[in-house]
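Reading through the structure tokens given below for one structure.
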2 protein chains.
Amino acid sequence: MVTAEKVAQLSGVSLSTVSQVLGDRAHLFRAETREKVVRAAQKLGYRPNSSARAMRSGRLGAIGLLLSTEEHRSSLFEKMLVGIYDELVRQNLRLNVARFPDKALTDEGFVPQILREWSCDGLLINYNALIPPRMVELIQNYKIPSVWINSQRDTDAIRPDDFGAGVIATEYLLKLGHRRIAYASYSGGGHYSTTDRRDGYAHAMKQAGLAPQIIGAQTGSSFERSQRIQASRQWLEQSDRPTAVITYAGSTALPIIMAAIGELGMRVPRDLSLVTFDDSLFDDCGLAVSTMVIPEYELGQTAARMLEQKIKTSGQSLPSQVLTMQLVQGNSCQSII
Amino acid sequence: MVTAEKVAQLSGVSLSTVSQVLGDRAHLFRAETREKVVRAAQKLGYRPNSSARAMRSGRLGAIGLLLSTEEHRSSLFEKMLVGIYDELVRQNLRLNVARFPDKALTDEGFVPQILREWSCDGLLINYNALIPPRMVELIQNYKIPSVWINSQRDTDAIRPDDFGAGVIATEYLLKLGHRRIAYASYSGGGHYSTTDRRDGYAHAMKQAGLAPQIIGAQTGSSFERSQRIQASRQWLEQSDRPTAVITYAGSTALPIIMAAIGELGMRVPRDLSLVTFDDSLFDDCGLAVSTMVIPEYELGQTAARMLEQKIKTSGQSLPSQVLTMQLVQGNSCQSII
DNA sequence: CTGAAAGCGCTTACAG
DNA sequence: CTGAAAGCGCTTACAG
């Protein structure tokens, strides 16, 4: 193992000189001394031990990202991760990823190692589903500065505005002249977005004096993938079928498209207008579906910023933030006026 | 900040007693002493400082995962991450994620912080595209124990057997009686899998005395998503169209399905058999496409194991591993015998 | 059965 | 302009 001590020996200066030259006090030393030290460090492949530094500074130089093992949409996940990471790089912080099942946390004895040891300056907590009470308790007990991602807490949380997005999507289709607008969701799940998007849609419909039409799984249940095309076909075949549909996610839109185009000979957007939610313009199948884009990158980035803030103020509470979603237009909507 | 010292004070014992009771020497102490210490630690919310421990042990207790910023399939990414993580938990290791663009590494002066500082015991390197020579150089220079994921290096690497999977997929369709089997890829990219899967297919075709038919983008180029349905339609309309197609990924299969089913009124598998590559059975659209499954979880898990091995033997070289892919059957293939 | 002391690798006042 | 020394929070041989 190469230590600063060894660099000092090789370059014939003291340990503290090495530290200062390689740190932010290089300007205090003669060019000659600096050169000697830098050359020796390079030759030996010296890398300062981050633990030693952390001990001195009292800061670990890392934050932890806590993930549930419950299913979550992975592309979302990656973009958020990148947003977090980019912000951390700016602050010279490392990113520690941890992950454990909700179930483990209901067990009284279980304390995950990221909480048990002091190895991060703060925590980003990304639980798409419900947050186990015991987790909140553990974190409060240990007084770890934390920010909750995708959570509806009043403080120290950040999430996208799912309700507002439901409204925006609906009003967009209303403006195109649609009246029979449905909302479809084939997956259940305890996350608030499942209800919020739907409620935003229903709210906008009622505002326009129209009756909401909800298609698909109710909260908690979920359609098997293999049944989704068939289920879509059923409601698409009815004579008073909607002229436009808002889908919970791209994965909801796909079987609907398959049923409409493949089985019933319909065209999009000629016979059916579509708007979906996703993390970017949903065009996996070659057809660009107009999308309410979840700002995953910004979510991650802002969460990281909030956490840095909290770490600086040793855990002081911050007001929660709600990020607006934007509609990105594809080729899946048509005016029927 | 709560230190072991404070726990010692509160419980009226010495610092070293606290350390030993909370460590793995608890059995050496009287039950009464143990209780006192544990209670005090709990009351104060004591968490041992991992840096201090790391300094003593000479091991950081963490490994680093290096990611390229170049596009990669995100769901793959998540499963691999989980495989890595599960294995690390078993060894009580933390996971540090880092990420930087290939371009940055061509810059002579740039050394990413995960390499510049000594903050991990070893590195998992996941570059789907080409590995910048400078990165290899940096890692060798610093003598960091490393394992390369998705790389064709002879040592210290792990990857799935893309060539073999191409063969398996083709032989499966041959056995079902297909002769006009095509291979389709709409994306380019420098990764070896692009060529290996195709070459495996071509190899199996030639073995069977048949001429390979490659459809779509050649290496390096890539079809825009919006053109993929149209492109698919073109080759599907020809009179001698293939009866079966192997696609590079699910994202290649989707527009083909859309063109076949939606535009040409074909059925799968009646009029066209499909096999694809993906990280799990590809049924996004409600139709289960038979899939050569990339063992992402095992890839991550095994890579982590290899790295742990290397860390123990202070970086000694390990032979590379190649993981076989399995065919998971959906409803997209039909015998035509 | 418990405690005093050394030391892991650094940084930073302080002395010269 | 450079160096000796203290100390960050732990663990572990060693003494008692």
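The values are calculated or read from the model by the stated rules, or taken from the named source; none is laboratory data. Everything numeric in this text was worked out from a predicted model, so none of it was measured. In this analysis, Cβ positions are derived from the backbone assuming ideal geometry, glycine residues included, and neighbour counts consider all displayed protein chains. Side chains included, ligands, DNA and RNA excluded: accessible areas come from the protein's heavy atoms. Shrake-Rupley method; radii C 1.70, N 1.55, O 1.52, S 1.80 Å.
Brief remarks on what is shown
- Residue within region B:262-275 that is in contact with a Phe, Trp or Tyr (Cβ under 6 Å, 6 or more places away or on another chain), part of a helix (DSSP H, G or I) and facing chain A (nearest Cβ under 10 Å) present: no
- Here region A:11-26 is the region considered, the condition is being within 16 Å of residue A:56 (Cα to Cα) and in a loop (DSSP other than H, G, I, E, B), and the residue that is farthest from DNA strand C (Cβ to nearest atom) is A:24.
- Selection status of residue B:5, among the charged types (D, E, K, R), open to solvent by 30 Å² or more (accessible area, probe 1.4 Å), more than 9 Å from every other protein chain (Cβ to nearest Cβ) and within 16 Å of DNA strand D (Cβ to nearest atom): yes
- Residue B:208 vs. criteria closer than 20 Å to residue B:256 by Cβ and at pLDDT 95 or above: no
- Cβ-Cβ under 8 Å pairs, at least 6 apart or on other chains, region A:42-63 side under 25 Å from residue A:301 (Cα atoms), far side within 10 Å of DNA strand C (Cβ to nearest atom) and not in a loop (DSSP other than H, G, I, E, B): A:50/B:51; A:50/B:118; A:54/B:51; A:60/A:54; A:60/B:51; A:61/A:50; A:61/A:53; A:61/A:54
- Flag if residue B:215 is open to solvent by less than 40 Å² (accessible area, probe 1.4 Å) and modelled with pLDDT under 95: yes
- Applying the set (1) surrounded by 17 or more Cβ atoms within 10 Å (Cβ to Cβ); (2) in contact (Cβ under 8 Å) with a residue 12 or more places away in the chain; (3) within 12 Å of DNA strand C (Cβ to nearest atom); (4) within 14 Å of another protein chain (Cβ to nearest Cβ) to residue A:67 leaves exactly one unmet item: (3).
- Filter pass, residue A:83 being touching a residue at least 12 places away in the same chain (Cβ under 8 Å) and outside the structural domain of residue A:193 (by TED's automatic domain parsing): yes
- Answer from A:226, A:280, A:314, A:251 - the residue that is in contact with a Phe, Trp or Tyr (Cβ under 8 Å, 6 or more places away or on another chain), within 12 Å of chain B (Cβ to nearest Cβ), outside any strand (DSSP E or B) and surrounded by fewer than 23 Cβ atoms within 10 Å (Cβ to Cβ): A:251
- Top-ranked residue in region A:27-45 [being of a type in the set (Gly, Ala, Ser) and within 14 Å of chain B (Cβ to nearest Cβ); ranked as farthest from DNA strand C (Cβ to nearest atom)]: A:45
- Failed criterion for residue B:61 (all others in (1) modelled with pLDDT of 90 or more; (2) at positive phi; (3) within 12 Å of DNA strand C (Cβ to nearest atom) hold): (3)
- Members of region B:197-212 that are surrounded by 17 or more Cβ atoms within 10 Å (Cβ to Cβ) and closer than 14 Å to residue B:174 by Cα: B:200, B:201, B:202, B:204, B:205
- Within region A:99-155, the residues that satisfy the criterion of being under 22 Å from the mean Cα position of the chain (by Cα), within 13 Å of chain B (Cβ to nearest Cβ) and of a type in the set (A, V, I, L, M, F, W, C) are A:100, A:114, A:115, A:120, A:123, A:124, A:139, A:144.
- Of all residues in region A:38-51, those satisfying the criterion of being crowded, with 17+ Cβ neighbours inside 10 Å and either near DNA strand D (Cβ under 9 Å from one of its atoms) or outside any helix (DSSP H, G or I) (or both) are A:46, A:47, A:48, A:49, A:51.
- Yes/no for residue B:175 being surrounded by fewer than 19 Cβ atoms within 10 Å (Cβ to Cβ), charged (D, E, K, R) and closer than 30 Å to residue A:23 by Cβ: no
- Residue match in region A:25-36 (condition: away from DNA strand D (no atom under 13 Å from the Cβ), in contact with a helix residue (DSSP H, G or I) (Cβ under 7 Å, 6 or more places away or on another chain) and not acidic (Asp, Glu)): no
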